[in-house]
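The values are calculated or read from the model by the stated rules, or taken from the named source; none is laboratory data. Since this is a predicted model, take the numbers as computed values, not measurements. Every residue, glycine as well, gets a Cβ built from its backbone with ideal geometry; the counts of neighbours run over all protein chains shown.
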Amino acid sequence: MKSVGNFLLSVWLILEGLSGVIMPTDEGKINFFFAIPRFSLLKGVFPYLGLLAGAIILVQTINDIKNNRPMFLVALWAIAICVAELVGLLNTPFVYAVHLLGMGAGYFLLKEWQQAQKVSQVVGEK
Amino acid sequence: MTGLERVPGKLVLGIYLIFAGIVSILNLAFLMPFVYIAGAVAGMLLIQEAAPAPGAAATPEAVKNIGKVRPDDLTRIAGITPEVSNALNAAKIKTYVTLGKTKPETLKKILAKAGAELANIDPSGWPRQARLADKGRWDEMEPVDESGQETKA
């Protein structure tokens, strides 16, 4: 059960990423590589997938936020961005706040990685 | 083997989130395809991290570790031997944060429960050391020798 949230988050990121490069936008402007029109039918499912992933990770991390702060913020970001997409709040100030939240999560993820590097260096020197 | 598998998924996820935030806030639409690619790469790396190493059996445990905080090496703290570390881990104390929040009296009880050999160890300095370790302030910590014992100057 614990891995489900992270797995769904990974799948959601991959699908969103793919959708951005292989699907036309709503305006039909960006066809970065090539367009697969039928794939766009799936796009409606993506926010629900992200929402589910975010909710599961949130439940997993909420009891130990101090230890899981980056993933807790990632969960909040995923939920917020998906809600924004579902209720049509994209291109509003709310989304800027969500992006700031995402950047905060990104900062903590980088900090966690830096900390892990530092520890592995110290252990290596031992 | 591309070398990409050595890049931590969470690192790429962090870069993606910051990149996506900047691109979206500054409305740099021409960079959006790269944002999508970064997101997809982060997702792939996170999934890859859950996969077992080549030759290893696929275990549910490996999948569980995706995006999860790993236990800290408690033996980095002066006075904590591998045996003590095992006893602490058994009591769900696996990270510097948790150890930093645990009272010395509780640690005493855990050690006493773990066996007579550990019962006489003084854990009073461990929470403070753990808090320093959690903050990465390794220079301020008491040095440890090979056995994990505190080094006396």
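Considering only residues of region A:57-70 that are in a helix (DSSP H, G or I) and within 11 Å of chain B (Cβ to nearest Cβ), which is nearest to B:Ile93 (Cα to Cα)?
Restricting to residues being in a helix (DSSP H, G or I) and within 11 Å of chain B (Cβ to nearest Cβ), the top hit is A:Asp64.
In region A:73-108, what count of residues is obtained for those that are outside any helix (DSSP H, G or I) and either β-branched (Val, Ile, Thr) or touching a helix residue (DSSP H, G or I) at 6+ places or on another chain (Cβ under 7 Å) (or both)?
Adding up the residues that qualify gives 4.
Taking region B:124-148 as the search range and keeping residues that are surrounded by 14 or more Cβ atoms within 10 Å (Cβ to Cβ) and in a loop (DSSP other than H, G, I, E, B), which one is modelled with the highest pLDDT?
Selected residue: B:Gly125.
Looking at region A:71-94, which of its residues are modelled with pLDDT under 85 and at the interface with chain B (Cβ under 8 Å from one of its Cβ atoms)?
none
Is it fair to say B:Gly115 is within 23 Å of B:Asp139 (Cβ to Cβ) and over 18 Å from the mean Cα position of the chain (by Cα)?
Judged against the criteria, B:Gly115 is not a match.
For (1) over 24 Å from A:Leu73 (Cα atoms); (2) at the interface with chain B (Cβ under 10 Å from one of its Cβ atoms); (3) surrounded by fewer than 16 Cβ atoms within 10 Å (Cβ to Cβ); (4) at pLDDT below 80, each residue gets a yes or a no:
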| site | (1), (2), (3), (4) |
| --- | --- |
| A:Phe32 | yes, yes, no, yes |
| A:Arg38 | yes, no, yes, yes |
| A:Phe46 | no, no, no, no |
| A:Ala55 | no, no, no, no |
